[in-house]
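Worksheet for the structure shown next.
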Protein chains: 2
Amino acid sequence: MRPLLRVAVSGSTGNVAYALVPRIAAGEMFGDDRPIDLRLYDIPPVIGKAKGVVMELEDGAYPLLHKVAASADRAEAFGDADWVLLVGSKPRGPGMERKDLIRDNGPIFVGDGKAIAANASKDVRVVVVGNPCNTNCLIALANAKGVPAERFTALTRLDQNRARSILAKQAGTLVAEVTRAVIWGNHSSTLFPDFVNARVRGKKATEVIDRAWLETEFISLVQKRGAAVIEARGASSAFSAAQAVLDHVRSLLEPTPGEDWMSLAVLSDGKRYGIPEGIVCSFPMRSRGQGDWQIQDRAEITPSARQKIDASVKELLDEREVVKDLIP
Amino acid sequence: MRPLLRVAVSGSTGNVAYALVPRIAAGEMFGDDRPIDLRLYDIPPVIGKAKGVVMELEDGAYPLLHKVAASADRAEAFGDADWVLLVGSKPRGPGMERKDLIRDNGPIFVGDGKAIAANASKDVRVVVVGNPCNTNCLIALANAKGVPAERFTALTRLDQNRARSILAKQAGTLVAEVTRAVIWGNHSSTLFPDFVNARVRGKKATEVIDRAWLETEFISLVQKRGAAVIEARGASSAFSAAQAVLDHVRSLLEPTPGEDWMSLAVLSDGKRYGIPEGIVCSFPMRSRGQGDWQIQDRAEITPSARQKIDASVKELLDEREVVKDLIP
């Protein structure tokens, strides 16, 4: 058995965290030889409910779950944490614009970033899931003084999983046969699902699937999939988001297999693909394992892809502008 | 890769199934070398919502999920199914008595049993999760003509998991150190959590934990745990129930390790522990793997345990009486 791993999850009473925490407890995220000390963080009004989630975790009789507790105090929940999964955010209310949502969420991630810097393990890794996750991630990392920015990643894996699944269906093949279906830009309706670099059974997707469909239908299907799920289920995606968080973390912990790429949003250094510095943008990635990612330089960018990536980047720059006072 | 396994889940839009299906898709139930054909069954009014669950399963990009669909037609959903997980049942409404609940659910399980007999694989295994699960299981197996009764089991694993976790906490040890904490009788507030045969770090639980506490507090904590979770969470147990279903099936598929026992409810043949025949009762069990269970004969029954088991058995006999017209 490896040493106890401290994992903190914020927003523990929400539907995504509810789908996520049993899988962390069951060893699906960190392996079946890794005992877990799981800390649920939530705000005081719902901490009683979070304690109900703790009860269900106890009721799971998970052999790996050596400790579990809920706290409304970040210092306690994030104390010496090896991983902090920031799932908690304020959802969009009726009539709210994206701008309002960004403003409302900003202070939460200021608090998260500061608490991580003050309390978490020196080797902490942070995954931002709560939306708008790219800009929330930017705020958190900017407020986590002393924690290297590359430790913070934001989730675009749900979009990637959707893109892979949609391409597989269209090509009449299994999802395992689709690789390099990565996501560029913002986790929002401006994201660009990259079919140019995607492979189906090792071939370029553009050689296997009709290009006009890829340029129009495919992009739209991925961008609007979240809304389509809400329409069908009457509730937003929860277990598929939790699955993406699992995949995201596992992909960071293990070297990326074969020639595949994956997607994560990270702080841009301004040196890759003409993406300006100082925004959290999704790129094609490989992992070297143990939490370390590497942006792939070999992606082909067509003029049409360039336009779409630029539009998503522009949105990220606009979002940053809305919260500039929260970024030291 | 082993051949495709057909798995049907009823009540697919409920919270327990919602927590269960992603884990089946991820290979947690049947292993990571077993491709899955997953069929969600639900009633017509919610089949659109079930299709939303299918969308999220697609969005999980699960390599093992080779097929997935939702249907409001049992013949389609259960067709050639290797496993049928009957999660769907009508929940108790305000002011309803247990008797009303049993009457309301009976016809659902008549339909399930008949559809399984008419459509499922010859080797089908059925797990009844929807409550009242023991009597629902009895109705289903009695209506599944030609399917051996031993293929039907009902879930008491959540109670067992709770009992193990509570004993571990009281003994100040890890849950992995608690064995043979089995459940007798009905999955209801009359269940008997067996501390007499339970072991903590290989010792009798009664030698490690105060007997008076075991006789009173412990029994009550296990019996009332479901209500306590509802009180804290404001919703009934979902992921811990799904976890128990996973554990239940995996425990049937793999030989029980070491000297441990587990709990399942099965049709009593009237020859074990003085439990009358013709009710579905939870017993101490071992698995020989591949879906086959074996009641353990070596459990010690104290006079006080006998009384409690008899009370739960009486409840099962009363429940059977309520639905006797549904049992051919």
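FYI, it's all coordinate maths here, none of it is from the lab. Just so we're clear, the structure is a prediction, and the values are computed from it rather than from any experiment. Positions of Cβ are backbone-derived with ideal geometry, glycine not excepted, and every protein chain shown enters the neighbour counts.
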- [ ] Would you tally the residues in segment A:255-277 being surrounded by fewer than 16 Cβ atoms within 10 Å (Cβ to Cβ) and in contact with a Leu (Cβ under 9 Å, 6 or more places away or on another chain)?
- [x] 2
- [ ] Search segment A:60-71 for residues that are in contact (Cβ under 8 Å) with a residue 12 or more places away in the chain and under 9 Å from B:Leu174 (Cα atoms) and pair each with any residue that is in a strand (DSSP E or B) and charged (D, E, K, R) when their beta-carbon atoms are under 9 Å apart and the residues are at least 6 apart or on different chains.
- [x] A:Leu65/A:Asp37; A:His66/A:Asp37
- [ ] Go through (1) buried (at least 23 other Cβ atoms within 10 Å of the Cβ); (2) more than 13 Å from chain A (Cβ to nearest Cβ); (3) under 20 Å from the mean Cα position of the chain (by Cα) and name the single condition B:Ile219 misses.
- [x] (1)
TODO: Taking only segment A:226-252 into account, find how many residues are facing chain B (nearest Cβ under 8 Å), β-branched (Val, Ile, Thr) and within 19 Å of A:Met262 (Cβ to Cβ).
DONE: 0
Task: Single condition A:Asn197 does not satisfy, out of (1) closer than 28 Å to B:Ile36 by Cβ; (2) of a type outside the set (D, E, K, R); (3) in a loop (DSSP other than H, G, I, E, B) - done: (1)
Open item on the list: Tell me yes or no: at least one residue of segment B:52-68 is more than 9 Å from every other protein chain (Cβ to nearest Cβ), surrounded by fewer than 22 Cβ atoms within 10 Å (Cβ to Cβ) and out of contact with any helix residue (DSSP H, G or I) (no Cβ under 8 Å at 6 or more places or on another chain).
Closed with: yes
- [ ] Output the number of the condition that A:Ile230 fails; it satisfies all remaining conditions of (1) aliphatic (A, V, I, L, M); (2) buried (at least 19 other Cβ atoms within 10 Å of the Cβ); (3) within 15 Å of B:Glu56 (Cα to Cα).
- [x] (2)
Open item on the list: Restricting to segment B:154-182, give me the number of residues that are of a type in the set (Lys, Arg), over 23 Å from B:Leu267 (Cβ atoms) and surrounded by 24 or more Cβ atoms within 10 Å (Cβ to Cβ).
Closed with: 2
- [ ] Within segment B:118-125, identify whether any single residue is touching a Lys or Arg at 6+ places or on another chain (Cβ under 8 Å), crowded, with 24+ Cβ neighbours inside 10 Å and more than 30 Å from A:Val68 (Cβ to Cβ), and answer yes or no.
- [x] no
TODO: Within segment A:253-260, identify whether any single residue is of a type in the set (Ser, Thr, Tyr), closer than 20 Å to A:Gln296 by Cα, away from every other protein chain (no Cβ under 11 Å) and in contact with a helix residue (DSSP H, G or I) (Cβ under 9 Å, 6 or more places away or on another chain), and answer yes or no.
DONE: no
Open item on the list: With the requirement that a residue be within 11 Å of chain B (Cβ to nearest Cβ) and touching a strand residue (DSSP E or B) at 6+ places or on another chain (Cβ under 7 Å), what does segment A:38-48 give you?
Closed with: A:Ile47
Task: In segment B:152-168, the residues that are of a type in the set (Ser, Thr, Tyr) and over 13 Å from B:Leu191 (Cβ atoms) - done: B:Thr153, B:Ser165
TODO: Inspect all residues belonging to segment B:23-37 and state whether any of them is of a type in the set (A, V, I, L, M), buried (at least 19 other Cβ atoms within 10 Å of the Cβ), more than 11 Å from every other protein chain (Cβ to nearest Cβ) and under 20 Å from B:Asn119 (Cα atoms).
DONE: yes
